[in-house]
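Written out below as structure tokens is the structure these notes cover.
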Amino acid sequence: MSHDIKSAERPAPDHVLTAIADYALSYVIESPLAYETAGYCLMDTLACGFQALKYPACTKLMGPVVPGATLTGGARVPGTSYELDPINAAFNIGAMIRWLDFNDTWLAAEWGHPSDNLGGILAVADYLSRSGKPVTVRDVLTGMIKAHEIQGVLALENSFNRVGLDHVLLVRVASTAVVTAMLGGTRDQIVNAVSNAWIDGGALRTYRHAPNTGSRKSWAAGDATSRAVRHALFALKDEMGYPSALSAKTWGFQDVLFKGKALALPQPFGSYVMENVLFKISYPAEFHAQTAVEAAMTLHPQISAKLDQIERVAIETQEPGVRIIDKTGPLSNPADRDHCIQYMVAIPLLFGRLNASDYEDAVAHDPRVDELRAKMQVKENATFTQEYYAADKRYIGNAVQVFFKDGSASPRIEVDYPIGHRKRRSEGMPVLVKKFEASVAAHFQPKQTEAIKKIFADPAALALMPVSDFVAKMVSAG
């Protein structure tokens, strides 16, 4: 966009802003596959949240910001008794969803976790439904499909992590567009809200990387989706927007934070991302290591009797795996450990499992874990990198092989794509349902567990259910 920097004349809104707004407001989702996948995604995302409620590090951040700041008739937080304003409810839901690094993911030039947006979508949907608006679970699924699409298409060719920004930037943008539309915002109001979401800039990725890896990475998405609800509610009050928030010379997002590059929209918004989303079904682990964990699980029974004879462990991964999760030295907290490929391979090699509790101190302080980590060699496999970025594959390949002191070696186990990949849907979805049912059973009493399982067993009836009734099924006693 060409614009005289001295001129105070406000330009037309940036194309990215209007494209997002038009899609969020007017696009009709017609893909049965997208809705079917969204139903599984809703199930899986809630499962991740219920599992997180077992961890005090998560629950201490939940509830009202200050004691007593609840809202009778407000948005409820599934698995808890909290009733909150929709902004804070969005933070609560978003934080519990993301806490264990177990919800869905999207890998492209930028990666992220599109189901993080459910925090804002479900909070606003419940708030509206309890206020008498006709909001159904299908509306939630539609919002999820659209938020997935906005976040995922923006991620295809725009690499924010390469300039040091965290991917939750796209959660804030996608959630803002979708919840503003859900609240009844006009096209102009959605443009205004989304412009403010971009103007917020982006959180630095330092909390995801050594030597600063920490628990903020578990609540950053909750923060982003709650910020989106704030922008949406302001826009409904006709708070102004900033039409060239992205393209303004010197002061716009692109010049300040994206090295002067124009943001790319490589394809129209539709339902592509939800249809192709990657689920973390079996292991709560950073996604670039999912297939490495699967390979290590395959090797465990073959090497478990020879653990004391291991000389080295060779791990081949993609370039992002090397850049993000190849980590040596002491690991100080669970957030550090679930972003260390050596740790995520060591646990299944040693114990034949990888659960969320395996990142806690009780397991991490077993001296065998760090002893085995010290024997690991991580290197990039160029083919894995090429297939990771290939649009027709989107593989997340890893290979693991164990070498012993006597000169022998285990088989080299290579896994190209994990069970949560679209290519393994028929295999993966029954496992996803089991993950959900186990998560529900571990959190709720048997009678409530059966009621929750029953509503998810009939997708057609679930889609028609008012959101207020849906969330009521998952409220826990105080």
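Its Cα centre serving as origin, region 204-325 has a Cβ charge dipole (Lys and Arg +1, Asp and Glu -1) of approximately 420 debye. Our estimate of slack between Glu157 and Asp458, defined as 0.36 nm per intervening residue step minus the Cα-Cα distance, is 104.6 nm. Starting from the Kirkwood Rh over alpha-carbon pairs, what translational D in µm² s⁻¹ does region 108-173 have by Stokes-Einstein at 4 °C and 1.567 mPa s? Roughly 102 µm²/s, to the nearest whole number.
When restricted to Cα atoms, the chain yields an Rg and a Dmax of 22.3, 76 Å, respectively. Dipole orientation for region 231-287: of the candidates Pro284, Ser244, Phe234, Ser244 has the Cα lying most toward the positive pole (charges on Cβ; Lys, Arg +1; Asp, Glu -1).
Computed from point charges on the beta carbon alone (+1 for Lys and Arg, -1 for Asp and Glu), the dipole magnitude for region 308-353 about its Cα centre is near 120 Debye. Charges were assigned to the Cβ only: +1 to each Lys and Arg, -1 to each Asp and Glu. The resulting dipole of the chain about its Cα centre is roughly 380 debye. At 222 nm, what value in deg cm²/dmol follows for the chain if DSSP H runs of at least 4 each add -39500 (n - 2.57) and the sum is divided by all its residues, to the nearest 500? The helix-only estimate for the chain comes to -15000 deg cm²/dmol at 222 nm.
With all pairs of separate Cα atoms included, region 57-131 yields a Kirkwood hydrodynamic radius of 12.8 Å. Scalar couplings 3J(HN,Hα) for region 423-430, obtained by applying the Karplus form with A = 6.51, B = -1.76, C = 1.60 to θ = phi - 60°, are 5, 10, 4, 4, 7, x, 5, x Hz; x denotes Gly and Pro. Extension gain, Val28-Tyr389: 0.36 nm per intervening residue step, less the Cα-Cα distance, totals 127.0 nm.
Calculate log10 I(q)/I(0) of region 123-243 for q = 0.18, 0.23 Å⁻¹, where I(q) comes from the Debye formula with a single equal point scatterer on each Cα and nothing for solvent. One equal scatterer on each Cα of region 123-243 leads to -0.95, -1.32. Please compute, over every Cα-Cα pair in region 1-103, the percentage with a separation greater than 22 angstrom. For region 1-103, the share of Cα pairs beyond 22 Å comes to 56 percent. Start at zero, step by 10 Å, and the Cα-Cα distances of region 366-438 spread as 16, 31, 31, 22, 2 percent across the bins.
Each part gets one Cα centre, and for region 288-327 versus region 50-68 those centres are 33 Å apart. Pairs from the table (Lys280/Lys453; Lys261/Lys375; Lys379/Lys434; Lys6/Lys237) lying more than 32 angstrom apart at Cα are Lys261/Lys375; Lys379/Lys434.
Highest mean packing comes first when the peptides 422-428, 332-338, 70-76 are listed by Cβ atoms within 10 Å, giving 332-338, 70-76, 422-428. Annotation: the antiparallel percentage among DSSP beta bridges lying fully within the chain is about 75. Packing around the peptides 375-381, 458-464, taken as the average count of other Cβ atoms within 10 Å per residue, puts them in this order, highest first: 375-381, 458-464. Coupling constants for region 60-72 follow from the phi torsions by the Karplus curve (6.51 cos²θ - 1.76 cosθ + 1.60, θ = phi - 60°), and in residue order they are 5, 8, 9, x, x, 4, 10, x, x, 7, 9, 9, 4 Hz; glycine and proline get x. In whole angstrom, region 312-448 maps to an equivalent ellipsoid with semi-axes of 27, 23, 14, each derived as √(5λ) from the alpha carbon gyration tensor and ordered largest first.
Which order do the peptides 145-152, 279-286 take when ranked by the mean count of other beta-carbon atoms within 10 Å per residue, highest first? Don't skip to the answer; put the middle values down first.
Numbers: 145-152: 28.0, 279-286: 25.6.
Final packing ranking: 145-152, 279-286.
Separation of region 9-37 and region 257-281 by C-alpha centroid, Å? Computed from Cα coordinates, the inter-centre distance equals 13 Å. Normalised by the number of residues in region 48-201, the mean separation of alpha-carbon contacts (under 8 Å, six or more apart) gives a relative contact order of 19 percent.
Every number here is computed from the coordinates shown, using simple stated rules; none is lab data. Fair warning: this is a prediction, and the values are worked out from it, not measured in the lab. Using ideal geometry, Cβ is built from the backbone for each residue, glycine included, and neighbour counts are taken over all protein chains shown.
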